[in-house]
1. Any idea how many residues of the stretch 502-512 are touching a residue at least 24 places away in the same chain (Cβ under 8 Å) and surrounded by fewer than 21 Cβ atoms within 10 Å (Cβ to Cβ)?
2. Tell me, which helices (runs of 4 or more DSSP H) wholly within the stretch 198-265 include 2 or more residues that are within 24 Å of residue 467 (Cα to Cα)?
3. Run down 283, 270 and say which single residue is buried (at least 22 other Cβ atoms within 10 Å of the Cβ) and in the same structural domain as residue 484 (by TED's automatic domain parsing).
4. For the stretch 446-468, does any single residue satisfy the condition of being in a loop (DSSP other than H, G, I, E, B), more than 20 Å from the chain's Cα centre (by Cα) and touching a residue at least 40 places away in the same chain (Cβ under 8 Å)?
5. Can you confirm whether the stretch 368-391 contains a residue that is more than 26 Å from residue 505 (Cβ to Cβ), free of Cβ contacts under 8 Å to residues at least 12 places away in the same chain and surrounded by fewer than 19 Cβ atoms within 10 Å (Cβ to Cβ)?
6. If residue 26 satisfies all but one of (1) surrounded by fewer than 24 Cβ atoms within 10 Å (Cβ to Cβ); (2) under 19 Å from the mean Cα position of the chain (by Cα); (3) closer than 18 Å to residue 126 by Cα; (4) at pLDDT 80 or above, what's the number of the condition it fails?
7. Would you mind listing the helices (runs of 4 or more DSSP H) fully within the stretch 83-155 where at least 1 residues are free of Cβ contacts under 8 Å to residues at least 40 places away in the same chain, closer than 24 Å to residue 20 by Cβ and touching a helix residue (DSSP H, G or I) at 6+ places or on another chain (Cβ under 8 Å)?
8. Which of (1) at pLDDT 85 or above; (2) closer than 30 Å to residue 458 by Cβ; (3) part of a helix (DSSP H, G or I) does residue 285 not meet, given it meets every other one?
């Protein structure tokens, strides 16, 4: 190690390092709390802000859901990546946390559609877009700030606290929502109680800003600034360098895409599967997710620490391989634990759908055609079916045949054939469900725990904020954001409620190959330059 490298190597200061990790992680917890909150309350907010009979409101509903997750986060990554590389890590992630917390609190103050009409969903969309913009800058800033303070032999451990903070944000959001629901009647919660979790962001924002204001700029950025070596135009510099573009593509397709679909499957995919296919109530399903995530959460730090010993790439590849091998068995385990009666009915009385050629719009809140409504009916209930082409819609279940789509008649035929309307509490094996959820979160921890360290180590300091934020948020926004809809489309076309998991397997398989071939081992790299 030469003198300049030694000078740039962060000194170990236990008190300072604890403050750095706490401040960065706590901000990330609050930021993801804000982002998850909309998802957990989406059904209620849809009724309050987006009436189905108004086509403009329906369009705005799509923008609120998709805009923040897809289009805006990469834009936020470029915007705040620029400022993070030009003016500093600390100032930039102070702005992102303020923007996120302010937008979330403002949602809690919005009048509903019943009060001010179409202006209500329009304002909600604007606030959702601001949330997505802020989230595009938060992760990169927090990960880089911690990574640039960490000693190289503990960088995986230090930065893994950023990864566990995402789980922390989900759990905090879940606790606050369930506690608020439990403290009042359902009518009161839907009338005004839903605002409380959003307004609490003001308190969280104040705490986070106070803590972050106590911090100094990262030593790596300070050294660059003192030497006059900071970037003048990070986006141009990051994407005009052919070698760096190669690193960006590797980060996108080998790192961000793979870890994202595993994480989204372990959280949102599991929730949709339990509430849809398995017929478990939403609150109960959220409790299973919370229990599994709480038990598995320490593994994020565990795998971060392990990556400091054995290397980042080996653990990432092992996690990808295990995810591809275990995904289907774990979801079958969930189904067997939650609703074994559904499996018995499927085996004894298989469903066949007679249907003409049909377009199914996975983005629509309601299907326009009879065949679309028939497909949606079966998919929503997690019922496996075969398809035969016919001129009109009909359903065969066991020996019965029902002409045309009539929801009441179809429900009666399925009930007569032994298909349960919902999971039977007497048959549930709750520990089996929690074990499956735990294993899914553990796979996410294995592929996510060391990722901040990989991304910090992969890119040069001068354009690090921009270079790592852009592929990370394109990966999370698009590969992860479209996951529920692509999975649903696969299920609709195959009639197999488990078939949507092939999307996750395919993306993880691509990520495995890209990582194997193009991702270098980054452990122990000098990140000062």
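1. Summing the residues that are touching a residue at least 24 places away in the same chain (Cβ under 8 Å) and surrounded by fewer than 21 Cβ atoms within 10 Å (Cβ to Cβ) in the stretch 502-512 gives 4.
2. Those helices (runs of 4 or more DSSP H) span 219-226, 234-240, 242-250, 257-264.
3. From the options 283, 270, the qualifying one is 270.
4. The answer is yes, given that some residue of the stretch 446-468 is in a loop (DSSP other than H, G, I, E, B), more than 20 Å from the chain's Cα centre (by Cα) and touching a residue at least 40 places away in the same chain (Cβ under 8 Å).
5. yes
6. Every listed condition holds for residue 26 apart from (3).
7. By residue number, 89-107.
8. With respect to (1) at pLDDT 85 or above; (2) closer than 30 Å to residue 458 by Cβ; (3) part of a helix (DSSP H, G or I), residue 285 is out only on (2).
The values are calculated or read from the model by the stated rules, or taken from the named source; none is laboratory data. Computed from a predicted model, the values in this text were never measured in an experiment. As a convention, Cβ positions derive from the backbone with ideal geometry for all residues, glycine included, and neighbour counts pool all protein chains shown.
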